[in-house]
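Inspection log for the structure reproduced underneath, given as structure tokens.
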Amino acid sequence: EGKTPANFIEHLISDDLKEGKNDSRIHTRFPPEPNGYLHIGHAKSICLNFGLALQYNGLCNLRFDDTNPSKEDTEYVDSIRTDVKWLGYDWDERLFYASDYFEKLYQFAEQLIRNGKAYVCDLNPEEIRAYRGTLTEPGKNSPYRDRSAEENLALFEKMRAGEFPDGSRVLRGKIDMSSPNLNMRDPVLYRIQRASHHRTGDEWCIYPMYDYAHPVSDALEGITHSICTLEFADHRPLYDWVVENIDLPAQPRQIEFARLNLTHTVMSKRKLRQLVEEGHVNGWDDPRMPTISGLRRRGYTPESIKDFCNRIGVAKANSEVDIAFLEHCIRQDLNANAPRVMAVLQPLKVVIENYPEDNVEELDAENNPEKPEMGSRKMPFCREIFIEQEDFREEAPKKFFRLKPGKEVRLKHAYIIKCEEVVKNEKGDIIELRCTYDPSSKSGEDTSGKKVKGTLHWVSAKHAHKAEVRIYDHLFTKENPEEEGEDFKTNINPDSLELLKDCRVEPSLANAKPGERFQFLRKGYFCVDPDSDNDNLVFNRVVSLKDTWAK
Ligand code: ATP
Ligand code: MG
Ligand code: MG
């Protein structure tokens with residue numbers, strides 16, 4: 001509306017609107033199968049479907065595509081609802097289950113049978129495959145293809161009534177066994193499968209196939225544009241056949257776009273489930289997982305995920321997006337919005353010898369230089385502090401502008417200190433630094449005239465809180481873990497999780513709540529993990545500060 005279409009789907013929709021198709025309605029749906037948790041690929045589909053509805057003043061349904069009983073579960077249904085909501089989309093009352101259409105789907109199948117468009121076939125699965133032919137060879141008609149409508153209706157009813165064993169019969173569309181498109185060679189529409197369904201229980205022992213159930217569900221909901229991924233392009237003639245051959249209340253059209261693939265991870269629910277079930281990760285919401293729940297726990301914001309989905313765009317050809325770009329998107333968001341705090345991940349004690357023994361100063365620390373309106377907080381400063389072990393070197397190269405013996409460095413928001421003495425234990429490990437500070441160098445009122453190159457973060461030893469910090473790396477070492485038939489699990493990164501258990505964070509973080517995000521100065525962006533409580537703070541590193549995305 002007024003806006004120039006940004007991708008081929010928006011072009012198609014604009015054209016449909018211009019031609020007044022579907023009474024100029026736009027109605028999309030997001031149709032997850034509840035057989036796993038949603039991943040970032042699904043987020044792309046969610047943003048696309050709900051986004052188009054918002055953009056064109058239309059509607060978007062959330063539909064559970066739950067026609068395959070064996071792997072589906074209400075745990076997944078609940079997680080999907082949570083994740084879509086969390087992304088910021090609302091289906092209002094438009095929440096549907098394809099399983100609610102089982103009765104209607106059955107009746108429409110009878111309609112196909114009555115019209116000579118479907119038949120019950122007694123070939124077993126292997127025979128069906130053999131009869132189907134190949135890309136270069138036409139298929140052969142099933143010997144059961146010419147059963148009468150009456151016979152088919154009776155057999156189909158008996159299939160439903162549970163009179164035949166699993167796999168012994170199927171209902172097939174009667175289309176064309178010599179079609180160049182294998183999907184059109186009398187596709188299976190129903191199979192017999194004794195499996196309890198998460199909603200309908202044991203009410204049914206026959207279940208409709210995706211290629212049949214999907215277009216009918218779309219039509220029943222008045223969907224105008226049924227957007228799916230590229231693998232279904234070959235199925236579109238079958239989608240259209242179903243829509244044309246059944247007396248349906250609407251005429252949806254299928255549009256395919258390229259699925260999202262990300263480097264250094266896998267994106268199929270089947271493989272993600274394997275990682276969970278075999279204990280390679282700690283659950284679907286492990287912060288290393290590309291699931292929406294994993295990204296949320298890691299510290300991603302909904303805005304950053306939507307931003308990512310919009311910026312990668314919608315394409316007609318498959319490609320792989322660098323995971324560094326996803327990281328770039330959350331980094332930008334948190335750079336703008338996350339409060340800055342100080343945390344020392346690997347503490348080294350510093351005693352400031354000339355600082356009065358029991359004195360505590362409350363120093364001003366700005367919360368976000370990118371957003372002055374976020375104000376400032378007080379940081380306690382006293383005689384004993386912690387700095388980062390890596391910020392001190394006894395034997396330091398010339399270009400090392402952090403702390404070294406006899407040299408000075410600035411403590412952020414505080415004073416310039418000078419290293420006077422290095423204290424070691426019997427083993428020769430550095431256990432403490434003895435320093436002096438320059439009282440005239442206080443940040444904001446510095447009259448020392450000194451110019452020092454390095455500025456370090458620090459925390460007051462007396463006031464800091466202990467914390468555990470979890471640092472994550474890619475789940476897979478290879479950009480494409482699934483390359484050339486390799487077992488993707490051989491490429492799991494053995495060092496994808498580094499635990500730092502003895503960190504110190506500034507006292508303002510004492511009551512930080514799960515989900516809150518911060519920039520730890522010089523260290524990256526961090527989010528409080530749900531494992532965290534006031535006695536044991538736990539932070540996940542969302543991303544480092546350094547942007548590795550090559551523009
Ligand atoms: P998976 O292979 O991971 O199990 P799926 O396509 O079987 O994915 P569904 O639950 O059927 O999972 O997907 C719901 C919707 O999300 C579908 O419309 C599907 O096309 C879309 N979708 C799934 N994966 C991706 C992806 N990687 N990129 C974009 N859209 C996706
Ligand atoms: Mg699917
Ligand atoms: Mg799937």
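The values are calculated or read from the model by the stated rules, or taken from the named source; none is laboratory data. In this text, all values refer to a predicted model and were calculated from it rather than measured experimentally. No Cβ is skipped: glycine too gets one built from the backbone with ideal geometry, and neighbour counts run over all protein chains shown.
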| task | Look at VAL266 and say whether it is within 16 Å of ligand 3 (Cβ to nearest atom), buried (at least 19 other Cβ atoms within 10 Å of the Cβ) and hydrophobic (A, V, I, L, M, F, W, C). | result | yes
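For THR4, indicate whether it is surrounded by fewer than 20 Cβ atoms within 10 Å (Cβ to Cβ) and under 30 Å from ARG288 (Cα atoms). Lay out the reasoning, then the answer.
Details: surrounded by fewer than 20 Cβ atoms within 10 Å (Cβ to Cβ): yes; under 30 Å from ARG288 (Cα atoms): no.
In short, no.
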| query | What are the residues in the stretch 143-195 that are touching a Lys or Arg at 6+ places or on another chain (Cβ under 6 Å), in a loop (DSSP other than H, G, I, E, B) and not small (Gly, Ala, Ser), if any? | reply | ASP166, LYS174, MET177, ARG185, ASP186
| Qualifying positions in the stretch 312-350 - of a type in the set (A, V, I, L, M), out of contact with any Leu (no Cβ under 9 Å at 6 or more places or on another chain), modelled with pLDDT of 95 or more and more than 14 Å from ARG541 (Cα to Cα) | ALA324, ALA336
| If GLU277 passes every condition in (1) more than 13 Å from ligand 1 (Cβ to nearest atom); (2) charged (D, E, K, R); (3) surrounded by fewer than 18 Cβ atoms within 10 Å (Cβ to Cβ); (4) closer than 30 Å to LYS174 by Cα but one, which one does it miss? | (4)
| note | Pairs returned, first residue in the stretch 26-38 that is farther than 14 Å from VAL276 by Cα, second residue that is of a type in the set (Ser, Thr, Tyr) and within 12 Å of ligand 3 (Cβ to nearest atom), beta-carbon separation under 7 angstrom, 6 or more apart or interchain, are PRO34/TYR76
| request: Could you tell me whether the stretch 167-186 includes any residue that is touching a strand residue (DSSP E or B) at 6+ places or on another chain (Cβ under 8 Å), within 16 Å of ligand 3 (Cβ to nearest atom), at pLDDT 95 or above and farther than 19 Å from ILE46 by Cβ? | output: no
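Being within 16 Å of ligand 1 (Cβ to nearest atom), out of contact with any strand residue (DSSP E or B) (no Cβ under 8 Å at 6 or more places or on another chain) and within 29 Å of GLU157 (Cα to Cα) narrows it down to one of ASP73, ASP78, ASP66, ASP100, so name that one. Walk me through how you get there before you give the answer.
Numbers: ASP78 fails: within 29 Å of GLU157 (Cα to Cα); ASP66 fails: out of contact with any strand residue (DSSP E or B) (no Cβ under 8 Å at 6 or more places or on another chain); ASP100 fails: within 16 Å of ligand 1 (Cβ to nearest atom).
After ruling out the rest, the residue left standing is ASP73.
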| task | State all residues of the stretch 299-326 that are outside any loop (DSSP other than H, G, I, E, B) and within 17 Å of MET267 (Cα to Cα); if no residue qualifies, say none. | result | ILE305, PHE308, CYS309, ILE312, SER319, GLU320, VAL321, ILE323, ALA324, PHE325, LEU326
| request: Identify, by number, the condition in (1) within 16 Å of ligand 1 (Cβ to nearest atom); (2) at pLDDT 95 or above that ARG25 doesn't meet. | output: (1)
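Could you please let me know if THR455 is of a type in the set (S, T, N, Q) and in contact (Cβ under 8 Å) with a residue 40 or more places away in the chain? Before the answer, list the steps.
Values: of a type in the set (S, T, N, Q): yes; in contact (Cβ under 8 Å) with a residue 40 or more places away in the chain: yes.
So THR455 passes the test.
Count, please, the residues in the stretch 49-75 that happen to be under 19 Å from LEU295 (Cα atoms) and at pLDDT 95 or above. Full working, then the answer.
Taking the stretch 49-75 and keeping what is under 19 Å from LEU295 (Cα atoms), we get 75.
If we keep only those that are at pLDDT 95 or above too, we end up with none.
The qualifying residues number 0.
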| Quick check: is even one residue across the stretch 211-220 within 18 Å of PHE96 (Cα to Cα), outside any helix (DSSP H, G or I) and of a type in the set (D, E, K, R)? | no
| remark: When every residue in the stretch 59-86 that is surrounded by fewer than 20 Cβ atoms within 10 Å (Cβ to Cβ) and of a type outside the set (Val, Ile, Thr) is compared, the one nearest to ligand 3 (Cβ to nearest atom) is LYS71
| task | State all residues of the stretch 271-316 that are out of contact with any His (no Cβ under 9 Å at 6 or more places or on another chain), within 16 Å of ligand 3 (Cβ to nearest atom) and more than 20 Å from ASP78 (Cβ to Cβ); if no residue qualifies, say none. | result | LYS271, LEU275
| field | Verdict on ALA130 being touching an Asp or Glu at 6+ places or on another chain (Cβ under 7 Å), modelled with pLDDT of 95 or more and of a type in the set (A, V, I, L, M, F, W, C) | value | no
| Among the candidates VAL538, VAL452, which residue alone is over 30 Å from ILE312 (Cα atoms), assigned by TED's automatic domain parsing to the domain that holds GLU408 and surrounded by 14 or more Cβ atoms within 10 Å (Cβ to Cβ)? | VAL452
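Do you know which of the residues in the stretch 1-22 that are closer than 23 Å to GLU320 by Cα and modelled with pLDDT of 95 or more is farthest from ligand 2 (Cβ to nearest atom)? Don't jump to the end; show me each part of the working.
Filtering the stretch 1-22 for residues closer than 23 Å to GLU320 by Cα gives 6-10.
Then drop every residue that is not modelled with pLDDT of 95 or more, which leaves 8-10.
Details: PHE8: 22, ILE9: 19, GLU10: 24 Å.
It comes out as GLU10.
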| remark: Reported set for the stretch 279-298 where residues are outside any helix (DSSP H, G or I) and either without any contact (Cβ under 8 Å) to a residue 40 or more places away in the chain or among the hydroxyl-bearing types (Ser, Thr, Tyr) (or both) is GLY279, ASN282, GLY283, ASP286, THR291
| field | Selection within the stretch 35-58 - of a type in the set (A, V, I, L, M, F, W, C), surrounded by 20 or more Cβ atoms within 10 Å (Cβ to Cβ) and away from ligand 3 (no atom under 12 Å from the Cβ) | value | ILE40, ALA43, ILE46, CYS47, LEU48, PHE50, LEU52, ALA53
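Can GLU432 be described as touching a residue at least 40 places away in the same chain (Cβ under 8 Å) and of a type outside the set (A, V, I, L, M, F, W, C)?
Working: touching a residue at least 40 places away in the same chain (Cβ under 8 Å): yes; of a type outside the set (A, V, I, L, M, F, W, C): yes.
So GLU432 passes the test.
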| task | Answer yes or no as to whether LEU135 is within 41 Å of the chain's Cα centre (by Cα) and in a helix (DSSP H, G or I). | result | no
